[in-house]
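All remarks here apply to the structure that follows.
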Amino acid sequence: MLRLHPFRHHRPATLAEALALLGEHAGDAMPIAGGTDLVPNMKHRLFTPGHIVSLKPLPELRGIGVADGALVIGAAETLARVAKDPLVRSHAPALARAASLVAGPQLRTMGTIGGNLCLDTRCTYYNQSEFWRQALGFCLKKDGDVCHVTKTGRKCVAAHSADTPPVLIALGASVELASAEGVRRVPVADLFLADGIWNSVRRPDEILTRVRVPLPAPGLRTAFEKLRQRNAIDFPLLNVAVAARIGERETVHSLVIVVSALGSRPRVIGGLDRMAAGRPLDADLIEDAAERAFQQCHPLTNLIVDPDWRRAMVPVHVRRALDRIAAGGPTPVR
Ligand SMILES: Cc1cc2nc3c(=O)[nH]c(=O)nc-3n(C[C@H](O)[C@H](O)[C@H](O)COP(=O)(O)OP(=O)(O)OC[C@H]3O[C@@H](n4cnc5c(N)ncnc54)[C@H](O)[C@@H]3O)c2cc1C
Ligand code: SF4
């Protein structure tokens with residue numbers, strides 16, 4: 001049986017109190033929202049904070065609404081609510097779909113969109129019990145000095161494994177990060193770093209409070225596709241988010257494709273606007289985009305399945321997403 005270590009659980013009533021607690025116990029405190037990732041990680045002794053600060057009671061992290069030309073989602077809203085909310089479904093259907101495909105129903109009922117954006121990276125050699133990791137001499141990300149994937153002591157390439165960030169990047173969304181110093185706004189496209197040990201520009205003393213998704217421009221169509229071992233519950237082995245602005249006669253104005261769950265941060269496929277702008281979204285363009293994504297994605301042995309197979313699945317999922325956009329029908333949400 002995996003037991004939790006002893007810690008103090010704080011339930012602040014306001015964001016100011018929560019930030020004060022993180023400051024008071026700096027280096028030994030972590031926020032907790034739904035706990036669906038943090039609690040298993042604590043059981044595996046990947047994190048052993050002496051204090052955990054609960055975010056779910058904070059009113060400042062609640063609510064879904066439209067303000068100043070954006071859909072605004074409180075970080076403590078659950079994935080189940082995000083997936084079902086009528087505003088999210090009408091203004092950001094691909095986000096509703098991505099939220100509906102995270103894990104399984106129980107985890108979506110507890111897990112939050114803020115926790116999804118702050119999710120730790122994952123790796124076959126890391127998400128294991130302390131006993132398992134010790135037998136291998138640990139690894140660079142936690143307690144060791146070598147990476148079993150890259151075979152060097154320089155870089156952790158654990159996979160960014162959250163489903164909502166690629167969609168949020170494709171939609172041009174931003175997040176608000178609050179700390180004792182104030183609030184800063186960061187585009188989700190700039191939130192993540194290519195460093196599997198801590199893959200975010202968010203500092204440990206910062207709380208992600210809100211997500212802002214710009215209301216869709218005319219002609220914007222979006223899609224989200226996900227590959228996983230068991231559709232009922234598993235983390236992504238690969239996910240693909242697409243946002244395309246389509247004009248008259250089905251001509252592409254702009255095209256963004258974000259591929260994730262491969263390396264430590266989502267990858268925005270380069271050179272698409274130049275390739276796609278002014279062309280009709282037909283089979284030729286879909287094939288060109290799928291091939292471009294394939295050329296730019298290079299999965300590693302950080303997850304349990306064969307990286308060559310994962311790479312071969314990249315164009316398959318890009319095609320599926322673009323076919324869905326070309327068909328122009330409603331976005332399916334589970
Ligand atoms: C079996 C299983 C399957 C899963 N499958 C998927 C999947 O398919 N896709 C997927 O994306 N995820 C998956 N998850 C992971 C997890 O359930 C979700 O990512 C969920 O959204 C995490 O949210 P949470 O509120 O539970 O986060 P928590 O566990 O509470 O926190 C996660 C991390 O974020 C930090 N944090 C949380 N909220 C904030 C905030 N507002 N500001 C600053 N820091 C914060 C915490 O300190 C912690 O480090 C799975 C988990 C399990 C156990
Ligand atoms: S990528 Fe390497 S360093 Fe990072 S968790 Fe996996 S084995 Fe450890």
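The values are calculated or read from the model by the stated rules, or taken from the named source; none is laboratory data. The structure presented is a predicted model; accordingly, all values stated were derived computationally and were not measured. Here the Cβ is made from the backbone with ideal geometry for all residues, glycine too, and neighbour counts use every protein chain on show. For the accessible areas, the whole protein counts, side chains as well, though only heavy atoms, and no ligand, DNA or RNA atoms are used. Shrake-Rupley method; radii C 1.70, N 1.55, O 1.52, S 1.80 Å.
Results, tabulated for the structure shown:
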item: Convex hull projection area averaged over all views, the stretch 1-106, Cα basis, nm²; result: 8.1
item: Dipole magnitude of the chain, debye to nearest 20 (Cβ charges: Lys/Arg +1, Asp/Glu -1, about Cα centre); result: 560
item: Karplus 3J(HN,Hα) series, Hz, for the stretch 115-125 with 6.51 cos²θ - 1.76 cosθ + 1.60 (x for Gly, Pro); result: x, 5, 6, 9, 4, 5, 6, 10, 7, 4, 8
item: Protection proxy ranking, peptides 38-51, 86-99, average beta carbon neighbours within 10 Å, highest first; result: 86-99, 38-51
item: Whole-number D in µm² s⁻¹ for the stretch 53-94, Kirkwood Cα-pair radius fed into Stokes-Einstein, 25 °C, 0.890 mPa s; result: 226
item: Count, lysine Cα pairs under 21 Å in the stretch 1-144, 8 or more residues apart or across chains; result: 4
item: Mean Kyte hydropathy of -1.0 or more with a Cα span along the axis of at least 27 Å, helices from DSSP in the chain; result: 307-327
item: Max mean-square fluctuation residue, GNM over the chain, Cα-Cα springs under 10 Å, options Asp195, Asp288, Asp68; result: Asp68
item: As computed over the chain, the Cα convex hull volume per residue (Å³); result: 132
item: Probe 1.4 Å, accessible area per residue of the stretch 1-77, Å²; result: 46
item: For the stretch 199-334: accessible area per residue (Å², 1.4 Å); result: 45
item: Solvent exposure ordering (accessible area, 1.4 Å, most first) of Leu21, Leu220, Leu79; result: Leu220, Leu21, Leu79
item: Carbon and sulfur %, accessible surface of the chain computed with the full protein complex present, 1.4 Å; result: 54
item: Ser179 accessible area, 1.4 Å probe, all protein chains in place, Å² to nearest 10; result: 10
item: The stretch 100-226: proportion of alpha-carbon pairs further apart than 26 angstrom, %; result: 34
item: Relative counts (whole %) of C-alpha pair distances in the stretch 190-334, using bins that are 10 Å wide; result: 11, 37, 34, 17, 2
